[in-house]
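Notes follow once the structure below has been shown.
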Amino acid sequence: MKEIENLTFTILFIISNIIALIMLVAAWKAPKIARLLFFLLFAWASYTNWSFAIHSPQSYLEYANLTVSGLYKQFILGWFSKHITAAVGFIATCQALIAVSMLMKGYIFKTGAIGAIIFLVAIAPLGFGAAFPCTIIIAIALYILIKKHQFDFIWKRKSNKNSFSNKEIKAITI
């Protein structure tokens, strides 16, 4: 049975990193699609974490065996083990806020993206449990979006500079 679990983890690890690379390319080439993907990712993560925090909080203790950091292992088996639902619930709520921020623009988007980057870098030491380097790749994609694509809502169309406004059409016809 352990081999099946390891195979499942390995497949999920590979899929996670492929998705991270797709999101990185999307941030560079198709930022609105990337932001929609980030919305979906963080909304799904929020829902999943809240569900597990409520129904099987002890499953989070398994991350202690996957981390590459002794400090993280101590934290997971120490304070975190006594406050799993509260800690994961807080994280899940922040993930929901990040998801919503991906649909916004300006400082709301930027704040959510920075929060996501901090979170993703913070969980990187979980190693295999966080599909490292997936979290770092996704953090880079978010950085690209912050630098280049934070000023519009994702549903807003680009204005066509060659088209005429209503005032210009009236002026031409008069």
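Could you please let me know if L126 is in contact (Cβ under 8 Å) with a residue 60 or more places away in the chain, outside any helix (DSSP H, G or I) and touching a helix residue (DSSP H, G or I) at 6+ places or on another chain (Cβ under 7 Å)? Give the derivation first.
On the way: in contact (Cβ under 8 Å) with a residue 60 or more places away in the chain: yes; outside any helix (DSSP H, G or I): no; touching a helix residue (DSSP H, G or I) at 6+ places or on another chain (Cβ under 7 Å): yes.
For L126, the condition - in contact (Cβ under 8 Å) with a residue 60 or more places away in the chain, outside any helix (DSSP H, G or I) and touching a helix residue (DSSP H, G or I) at 6+ places or on another chain (Cβ under 7 Å) - is not met.
Name the single residue, out of those in the range 101-121 being part of a helix (DSSP H, G or I) and touching a residue at least 24 places away in the same chain (Cβ under 8 Å), that is nearest to the chain's Cα centre (by Cα).
Filtering the range 101-121 for residues part of a helix (DSSP H, G or I) gives 101, 106-121.
When the remaining residues are screened for being touching a residue at least 24 places away in the same chain (Cβ under 8 Å), the result is 106, 109-110, 113-114, 116-117, 119.
Values: G106: 18, F109: 13, K110: 13, A113: 8, I114: 11, A116: 6, I117: 8, F119: 9 Å.
Of everything passing the filter in the range 101-121, A116 is nearest to the chain's Cα centre (by Cα).
For the range 39-57, check the following and say yes or no: at least one residue is touching a residue at least 40 places away in the same chain (Cβ under 8 Å), among the aliphatic types (A, V, I, L, M) and touching a Leu at 6+ places or on another chain (Cβ under 8 Å).
Checking the range 39-57: not a single residue is touching a residue at least 40 places away in the same chain (Cβ under 8 Å), among the aliphatic types (A, V, I, L, M) and touching a Leu at 6+ places or on another chain (Cβ under 8 Å).
Looking at (1) exposed (fewer than 13 other Cβ atoms within 10 Å of the Cβ); (2) of a type outside the set (A, V, I, L, M, F, W, C); (3) more than 26 Å from L40 (Cα to Cα), which one does Y107 not meet, given that it meets all the others?
Unmet condition: (3).
Each reported figure results from applying straightforward, stated rules to the coordinates on display, with no laboratory input. Just so you know, these numbers come straight off a predicted model, no measurement behind them. Backbone-built Cβ (ideal geometry, glycine too); neighbour counts: all protein chains shown.
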